[in-house]
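Colleague: What follows is a structure written as structure tokens; I'll ask about it next.
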Amino acid sequence: MAIQQFLISKILQPLQQRITAGWSEKTKDRVFILCGLALFFHTFLDGMGVIPYRYLIFFAINCLLLGGMVLCTLNKDMKPVRFRLFPTVCWFCIGFLMLLAGVLVTDNRLPEAMLFLVVYPAIYLVWNNIDRQKIFALLSRVCILSFVPYTLINILLYPMGVKQYGGLMCNVNGASFYLLLVFACLLVEILDARKFDRKLILHIIAFGLCVAQIYYTSSRTGYLAGILVAVSTLIMYVILHRKEKLWLLTLGKLLACALSAVVLVNSAFYLFQASKLYPEFLASLNLPTEDAVSGDLVLNLDAVSDLNDNKFAILDKSLDRISTGRISIWKAFGAELNLLGHPDGDSYYISILGREIFTTHNTILQFGYESGIPAGVLYLLFNLFTGVASIAHARRYRKERFSMLPFAVTLTFGFMSLLSSLGVSFYYMITLYYYLVQFPLMVKQEDANKAA
């Protein structure tokens with residue numbers, strides 16, 4: 001409490017009084033959204049491979065943008081909050097172990113350690129002093145708005161090939177990480193809508209475009225995560241609102257989403273080939289792409305369907321082959337776990353894939369490999385806590401808008417993190433959002449209610 005009081009009196013409240021005290025709520029929201037969109041766009045530039053500077057500069061810029069978002073949410077009457085013991089111990093121990101690895105093994109751990117030990121706790125303190133529904137609404141809005149430039153850039157600069165489409169991320173899994181975050185936010189927004197208005201219609205169209213781009217990636221992780229998140233979130237919503245007379249509205253929204261997805265999956269691929277109409281201009285930009293793309297128009301999705309059928313075929317395949325070598329990858333990295341972690345750059349030859357692999361393809365294992373076994377164990381415990389706590393939060397505050405956002409984002413991150421390495425907050429927006437939406441779950445519920 002003493003540390004929190006010091007932060008409030010010596011840093012947070014002076015910042016609020018000197019910078020944002022005279023701002024209207026509308027101005028604060030606009031600056032929050034602009035900083036959030038800039039944060040997304042910065043990660044887009046990184047995915048496009050056009051950022052020439054080192055990660056430390058990338059990290060510093062994103063910290064400034066995230067700080068701008070927090071600055072817009074400072075409250076003049078902030079008070080200390082009581083953090084829950086179990087997740088707080090897990091969280092700070094993970095941060096300390098990353099710091100230790102940063103000092104003893106490699107300084108590459110230090111930026112993420114600072115986020116864990118300083119930045120995120122400060123955010124949890126600030127955001128638990130204002131209405132959580134407002135924070136959730138702003139985070140959801142920023143994510144969904146970022147989908148507009150993302151899609152436009154893909155249409156204008158990144159032509160779709162025959163089989164897989166990573167777009168500006170230049171990687172189908174990277175595209176899936178981002179698109180599934182948008183998918184989760186759109187799903188919660190659509191389910192929370194209480195009438196068919198212009199906003200809901202736009203969200204349903206965006207939902208269809210998001211599903212279409214997920215489908216074009218041919219990423220099994222993206223497919224499975226999308227199905228799991230959609231089914232689980234819908235079941236949760238129906239259970240929590242079963243006593244309300246929303247059946248007809250919910251059914252109408254679901255049918256509209258299904259229609260939007262079917263229509264756009266089978267038609268939007270023409271949009272993502274528009275840039276083939278000006279190949280000379282694209283060549284002059286020399287943008288990096290995952291694969292060479294033919295100038296010929298793709299007239300159907302047969303190649304995508306065939307690739308998906310092959311990926312999901314499991315007959316006569318070993319579990320390792322079905323998982324694209326992940327069993328072998330986990331074994332290779334797991335066999336080298338220690339107490340302090342390893343430096344970056346280690347790789348292991350995976351015979352079933354015929355190449356060197358540099359990441360564990362599992363976020364919990366990645367934490368254990370980079371910062372030591374205790375860090376991996378604690379991260380697993382924290383993940384389990386957030387999963388259970390997000391369900392409890394959705395149930396307890398089911399009458400609030402966005403009460404299911406922590407559940408949807410946590411589930412999305414949880415599933416994808418089992419099959420991918422998502423350990424660096426600023427590289428993966430799904431990771432950043434996973435940490436951000438935990439703010440009401442990290443404190444005692446009575447403290448979370450103060451500003452609600």
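The values are calculated or read from the model by the stated rules, or taken from the named source; none is laboratory data. Everything numeric here is computed off the predicted structure, so don't read it as measured data. So basically every Cβ, Gly included, is an ideal-geometry build from the backbone, and we count neighbours across all protein chains shown. Areas reflect the complete protein model, heavy atoms only, side chains present, ligands, DNA and RNA absent. Shrake-Rupley method; radii C 1.70, N 1.55, O 1.52, S 1.80 Å.
Colleague: Cα atoms only: what Rg and Dmax, in Å, come out for the range 31-131?
Modeller: 15.6, 43
Colleague: In the P(r) worked out for the chain, what percent of Cα pairs fall beyond 37 Å?
Modeller: 26
Colleague: Right, something else. May I ask you to give the solvent-accessible area per residue for the range 93-218, in square angstrom, as obtained with a 1.4 angstrom probe?
Modeller: Per residue, the range 93-218 has an accessible area of 32 Å².
Colleague: Please list, ordered by chain and number, the residues whose modelled amide H lies under 5 Å from the amide H of His342; skip anything fewer than 5 residues away on the same chain.
Modeller: Glu370, Ser371, Gly372
Colleague: Between Glu336 and Leu45, what is the spin-label point distance in nm, taking each point 7 Å from the Cα along the Cα→C-beta axis?
Modeller: About 3.4 nm separates the two model spin labels.
Colleague: Also, I was wondering about something else. Could you pull out every residue, at least 5 positions away or on a different chain, whose amide H is within less than 5 Å of the one on Thr359? Hs are placed 1.01 Å off N in the peptide plane, and Pro or chain starts have none.
Modeller: Result for Thr359 returns nothing.
Colleague: Can you compute the helix-only [θ] at 222 nm over the chain? Use -39500 (n - 2.57) per DSSP H run of at least 4 residues, normalise by all residues, nearest 500 deg cm²/dmol.
Modeller: Here the helix-only value at 222 nm equals -20000 deg cm²/dmol.
Colleague: Considering only protein heavy atoms and a probe of 1.4 Å, how much of the accessible area of the chain is carbon and sulfur, as a whole percent?
Modeller: Here carbon and sulfur together make up 66 percent of the probe-accessible area.
Colleague: Still on this structure: Kyte-Doolittle mean at least -1.0 and Cα extent at least 20 Å along the axis: which DSSP H helices of the chain qualify?
Modeller: Helices passing the filter in the chain: 25-48, 55-71, 85-104, 132-157, 172-192, 198-217, 220-240, 247-265, 373-396, 405-419.
Colleague: For the pair Asp296 and Leu319, how long in nm is the line joining their label points, each one 7 Å along Cα→Cβ?
Modeller: Inter-label distance under the simple model: 4.2 nm.
Colleague: Between Leu380 and Arg355, how high is the FRET efficiency from 1/(1 + (r/R0)^6) when r is the Cβ-Cβ distance and R₀ = 35 Å? Nearest 0.05.
Modeller: After rounding, the FRET efficiency stands at 0.80.
Colleague: In the structure shown, do any of Lys163/Lys195; Lys28/Lys79; Lys28/Lys243; Lys199/Lys245; Lys28/Lys195 have a Cα-Cα gap over 32 Å, and if so which?
Modeller: Lys163/Lys195; Lys28/Lys243, as the Cα separations exceed 32 Å there.
Colleague: Turning to a different aspect of this structure: What is the packing order of peptides 246-252, 231-237, 182-188, taking the mean over residues of other C-beta atoms within 10 Å and listing the highest first?
Modeller: The densest-packed peptide leads the list: 182-188, 231-237, 246-252.
Colleague: Taking all pairs of different Cα atoms in the range 179-233, averaging 1/r and flipping that mean, what Kirkwood radius in angstroms comes out?
Modeller: Here the Kirkwood hydrodynamic radius works out to 11.5 Å.
Colleague: What's the FRET efficiency of Arg18 with Leu110 using the Cβ-Cβ distance as r and R₀ = 22 Å, to the nearest 0.05?
Modeller: 0.15
Colleague: Also, quick follow-up: Amide H neighbours of Val443 under 5 Å, at least 5 residues apart or on other chains, H built in the peptide plane: list them.
Modeller: Placed amide hydrogens put Arg84 under 5 Å from Val443.
Colleague: Ok, one more. Does the range 52-100 come out rounded, prolate or oblate, given a ≥ b ≥ c as the square roots of the eigenvalues of its C-alpha gyration tensor, rounded meaning a/c under 1.5 and, failing that, prolate meaning a/b above b/c?
Modeller: Note, shape of the range 52-100 comes out oblate.
Colleague: Compactness ratio of the range 312-384: Cα Rg over 2.2 N^0.38 Å, N = residue count?
Modeller: Scaled against compact globular proteins, the figure is 1.20.
Colleague: Using each residue's phi in the range 5-16, evaluate 6.51 cos²θ - 1.76 cosθ + 1.60 at θ = phi - 60° and report the 3J(HN,Hα) Karplus result to the nearest Hz, with x for Gly and Pro.
Modeller: Computed from phi, the couplings for the range 5-16 are 5, 5, 4, 5, 6, 9, 10, 5, 5, x, 4, 4 Hz.
Colleague: With +1 assigned to the C-beta of every Lys and Arg and -1 to the C-beta of every Asp and Glu, and no other charges, what is the dipole magnitude of the chain about the Cα centre in debye, to the nearest 20?
Modeller: That gives a dipole near 1960 debye.
Colleague: Using alpha carbons only, how many angstrom separate the centre of the range 225-277 from the centre of the range 142-201?
Modeller: So the two Cα centres are separated by 13 Å.
Colleague: Then there is this: Principal axis extents for the range 328-451, Cα atoms only, whole Å, descending order, please.
Modeller: For the range 328-451, the Cα spread along each principal axis is 52, 27, 22 Å.
Colleague: Given a 1.4 Å probe, how much area per residue of the range 265-333 is accessible, in Å²?
Modeller: With all protein chains present, the range 265-333 gives 64 Å² per residue.
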